[in-house]
Amino acid sequence: MLSRKNKLLLLKLLSLFSIVRGYNVLMIVLAQYLAAIYIMAPDLPLRDVVFDLSLFVIVFASALVIAAGYIINSFYDSEKDLINKPRKSMLDRLVSQRTKLSTYFILNLLSVLLASYVSFKAVLFFASYIFGIWLYSHKLKRIPFFGNLVSAVLAITPFFAVFVYYRNFETVIFVHAIFLFSLILSREFIKDMENIAGDLALNYKTIPVLFGTKYSKIAITLLAGLSLLPAFLLIEIFDVGEMYLYFIVAMILLIIFIFLLWKASTKKDYVWLHNILKFIIIAGVFSILLIDIDLVLNRIL
């Protein structure tokens, strides 16, 4: 049996994991490695990618910055989360604001120190990334549309770091990026619809608050529709192996998503829509393996 002190410590660790969205961070790490192996550097031997220390440092530093970003976002959104996410907020409050800030600074410092192993340019990149996340959390997220746009850009920045490292400028990579970006931006708009109660209470100037749900639905429909174009191009023009099956399913789900969007009226409806987009994004990470199912086995052998 755990003592009361140990139970409290375990709860605090669980709370910290919740704050930094540990599952999201792990998913991004996996996505970066799969993208590096199958998309960014498909011609390199598997062991050269997996055991590349510089790539590991870039991915690990990205994970630290992302975790720190969730902390600072939680710090600034603590009041809003009490309204929109009361259960999660109560768990997160087991960790004091002082501890959150201390962890935030430690994680960011470690990421910059790690980046110094790669190059001075990497240090500048991660320092800029850290500043961008702080500026978004502190100021930019309150600006309608621009805040959503910045959030989506920050979300794909870790993949940009891997892209720059390998200097692979093939068109197919940009089409993948457009597809992912439009999905993430759609999700940001859905989150505004989902969290409208807290935004209204704390005077956040989001698009649903300023212009109403109908205007927001039009914007989300256009973005979801935009996602269909790169998905179609990746099926018809580019060689994505068996991953074309994923894009077919993704297109079907996006059409269903648009249909359900115009019928949505409650927070529960928007949570379901958010989950559809989240499923498409997460499924896309694992579907990268479908680009060449035999790739890993061939490289090992």
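Bear in mind these aren't lab numbers, they're just calculated from the coordinates by the rules spelled out. These numbers were taken from a predicted model, which means no experiment stands behind them. For neighbour counting, all protein chains shown are included, and Cβ atoms are generated from backbone atoms with ideal geometry for every residue, glycine included.
A Förster distance of 30 Å, applied to the separation of the beta-carbon atoms of F286 and H138, puts the FRET efficiency at 0.30. Between L9 and L202, the modelled labels are 3.2 nm apart [label points 7 Å from Cα along Cα→Cβ]. Rg and Dmax of region 15-168, based on Cα coordinates, read 16.3, 50 Å. When the alpha-carbon atoms of region 168-268 are used, the pair Rg, Dmax equals 15.8, 49 angstrom. Altogether, the Stokes-Einstein calculation at 10 °C and 1.306 mPa s, with the Kirkwood radius of the chain over Cα pairs as Rh, returns a diffusion coefficient of 77 µm²/s. Ranking Y246, L10, I281 by how far each Cα lies toward the positive end of the dipole of the chain (charges on Cβ) leaves L10 at the top. Residue farthest toward the positive end of the dipole of region 170-301, with Cβ of Lys/Arg at +1 and Asp/Glu at -1: which of W262, A197, I173? Value computed over the given set: A197. Look at where the Cα atoms of region 161-207 and of region 227-293 average out, and the two centres are 14 Å apart.
Counting lysine pairs in region 15-168 that sit 8 or more residues apart in sequence, or on different chains, and whose Cα atoms lie under 20 Å apart gives 9. A Cβ-based charge dipole, computed about the Cα centre of region 147-297 with Lys and Arg at +1 and Asp and Glu at -1, lands at about 740 debye. Mean sequence separation of contacting Cα pairs (under 8 Å, at least six apart), scaled by the length of the chain, corresponds to a relative contact order of 20 percent.
Here the relative contact order of region 15-168, from alpha carbon pairs under 8 Å that lie six or more residues apart, stands at 32 percent. Using a Förster radius of 41 Å, what is the FRET efficiency between I248 and S116 based on their Cβ-Cβ separation? Nearest 0.05, please. Plugging the Cβ-Cβ distance into 1/(1 + (r/R0)^6) gives 0.40.
List W272, W262, W134 from most exposed to least, where exposure is judged by having the fewest other Cβ atoms within 10 Å.
Least to most surrounded, the residues fall as W262, W272, W134.
Modelled label positions at F174 and L260, each set 7 Å beyond Cα in the direction of Cβ, lie 3.4 nm from each other.
The charge dipole of region 15-168, taken about its Cα centre with unit charges on the Cβ atoms of Lys, Arg (+1), Asp and Glu (-1) only, comes to about 540 debye. Ignoring the sites themselves, the chain has its longest run without trypsin sites (Lys or Arg not before Pro) in a DSSP loop having at most 10 other Cβ atoms within 10 Å at 1-166.
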